[in-house]
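Heads up: the structure comes next, in C-alpha cells.
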Amino acid sequence: MLLLRWLLFPISIIFWLIGIVRNALYDNKLLASSSPEIPSICIGNLRVGGTGKSPMTNYLVTLLKLDHSITILSRGYGRKTTGFHLVKQTDSSLDVGDEPLAYKLEHLDSIQVAVSENRLKGIMKLLPFPANAVLLLDDAFQHRQIKAGLNILLSTFDAPFYNDFLLPTGNLREAKSGANRADILVITKCPNDITQEQKDAVTKKLAKYQKKIFFSKISYAPLAPISKLVVANIEKVLIVSGIANPIEMQNHLASLYTTDHINFPDHHEFSQKDIELIHKKFDTFANKNTIIVTTHKDFMRLKNVLSELQLENYPWYILPMTVTIENENEFNQLIRNYARKI
C-alpha cells in the first residue's frame, strides 16, 4: 500500500497545484467569501481522518451554550439525504449523519444543529440568528465560500500535518501552507505523559506559522449503559468501533479490562448482519462480567439496526469522551472574548 501511494505521487502534485490555485483565487478575492454577521468558529483540519473535531466541537458547545445561542452547521457526512435539514432528536443518522445527530442528542434543545453540503446556503436557511448567537462550522476549513471569524485547526500529536503529504500519497486535503489561515492550532490526542521536550519540538516545527498553539488530550468518562442489561463488575470488554482512529479508545480500555476489538471502517453503516457478527463474537468471548463498548458517534448508526430485544439480551455500553486542554483558562478566554466581540 505504501509503495502504491508513492507511485501516485504525480497525482499529489496535480492535487497540490489545484489547491494552490484555488486558495490564491480566494486570497486575492477573485472568488468570493462571505462572512457571517454573527461570531463564527470553524473547527477543521488539513488531514483526512480522526483529528478530534467532534470532541472539540462538543467542548466549544459546553463552553459557550450558557451565554450564547449555539448553532452547529455540518455537512452531515454519511447521510442519505441532500440539501438543508434542521436536525431533530427523532432523526436517524441516515437522515442527518452520525456526528450532527450525536451533537443534538447530547445537548438536546440547548443547541440548534443543521446539515447542508453547501455551507453558504445552509447559513442563509438559518437566518435570522438571535442577537447572542454563535455559529460553529464543523469540518469547514476547506469550505472557503464561508470566511469564519475564528479558525481552529486541529492536528494529532502522532501524525502532525507538517510530516504529511497531500493525497493520495499522504493524507492531507490541502497543502501545509493552509495552516496560515488558522487563528489557533490545537495539537490533539497527546499522550498523558507528554514531556516538555516533546511539546517544544512540536512548537518549533509550527513556529513559522506564528499561531497560538495549544496541546490537548482525550479524556474518558465512566462507561454508560445503553441497554437494559447492566453488568456490576466489568472484567472483559468487546470493543466495537467504526471511527477513523480507535487506538486511544482501545488503549484506554485495555489498561482497565481484558479486551477484544471488532473494528469497522470510519462512518460504517451497520447492518443486521454486522449485529449478528458482533453478538456471535460476544458469545464466544464473554463471561458474566463482559460488556460491549462503542462510541457515542458509532451508536448513532448502530441504533438504526439494534432491536429492543437485542438491547435487552446484550450489555451495550458507550464510552463517553471529552477534551482536556492544557492552559485551558487561556484557551477558554480566547474563545469567550471572540464570541462576545460582535
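Tabulated data for the structure shown
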read-out	value
Test: residue in the stretch 262-273 that is surrounded by 16 or more Cβ atoms within 10 Å (Cβ to Cβ), modelled with pLDDT of 95 or more, charged (D, E, K, R) and part of a helix (DSSP H, G or I)	no
Inter-residue pairs, beta-carbon under 9 Å, first modelled with pLDDT of 85 or more and in the stretch 7-18, second in a helix (DSSP H, G or I), 6+ apart	12/5
Pair list, Cβ < 8 Å and 6+ apart or interchain, from the stretch 51-74 residues that are in contact (Cβ under 8 Å) with a residue 60 or more places away in the chain to residues that are assigned to a loop (DSSP other than H, G, I, E, B) and hydroxyl-bearing (Ser, Thr, Tyr)	73/116
Criterion violated by residue 228 - all others in (1) in a loop (DSSP other than H, G, I, E, B); (2) buried (at least 17 other Cβ atoms within 10 Å of the Cβ) satisfied	(2)
Residues located in the stretch 26-40, provided they are surrounded by 13 or more Cβ atoms within 10 Å (Cβ to Cβ) and either in a loop (DSSP other than H, G, I, E, B) or without any contact (Cβ under 8 Å) to a residue 60 or more places away in the chain (or both)	27, 31, 33, 36, 37, 38, 39
Qualifying position, being farther than 29 Å from residue 3 by Cα and surrounded by fewer than 21 Cβ atoms within 10 Å (Cβ to Cβ), among 191, 168	191
Search result, residues across the stretch 175-201 that are of a type in the set (Asp, Glu) and either more than 18 Å from residue 52 (Cα to Cα) or not assigned by TED's automatic domain parsing to the domain that holds residue 43 (or both)	193, 197, 200
Positions within the stretch 266-317 being of a type in the set (Asp, Glu) and under 22 Å from residue 234 (Cα atoms), in sequence order	283, 298, 312
Criterion: over 26 Å from residue 216 (Cβ atoms) and either surrounded by fewer than 23 Cβ atoms within 10 Å (Cβ to Cβ) or β-branched (Val, Ile, Thr) (or both) - qualifying residue of 67, 95	95
Hey, residue 19 assigned to a helix (DSSP H, G or I) and within 25 Å of the chain's Cα centre (by Cα) or not	yes
Qualifying position, being assigned to a loop (DSSP other than H, G, I, E, B), surrounded by 13 or more Cβ atoms within 10 Å (Cβ to Cβ) and of a type in the set (S, T, N, Q), among 62, 57, 51	51
Filter pass, residue 102 being of a type in the set (Gly, Ala, Ser) and within 25 Å of residue 51 (Cβ to Cβ)	yes
Conditions (1) part of a helix (DSSP H, G or I); (2) within 28 Å of residue 90 (Cα to Cα): number failed by residue 252	(2)
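Residue-wise test of (1) of a type in the set (Gly, Ala, Ser); (2) at negative phi; (3) in contact with a strand residue (DSSP E or B) (Cβ under 7 Å, 6 or more places away or on another chain).
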position	(1), (2), (3)
216	yes, yes, yes
221	yes, yes, yes
233	no, yes, no
247	no, yes, no
250	no, yes, yes
256	no, yes, no
263	no, yes, yes
267	no, no, no
271	yes, yes, no
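The values are calculated or read from the model by the stated rules, or taken from the named source; none is laboratory data. Remember, predicted model here, so these are calculated numbers, not experimental data. Using ideal geometry, Cβ is built from the backbone for each residue, glycine included, and neighbour counts are taken over all protein chains shown.
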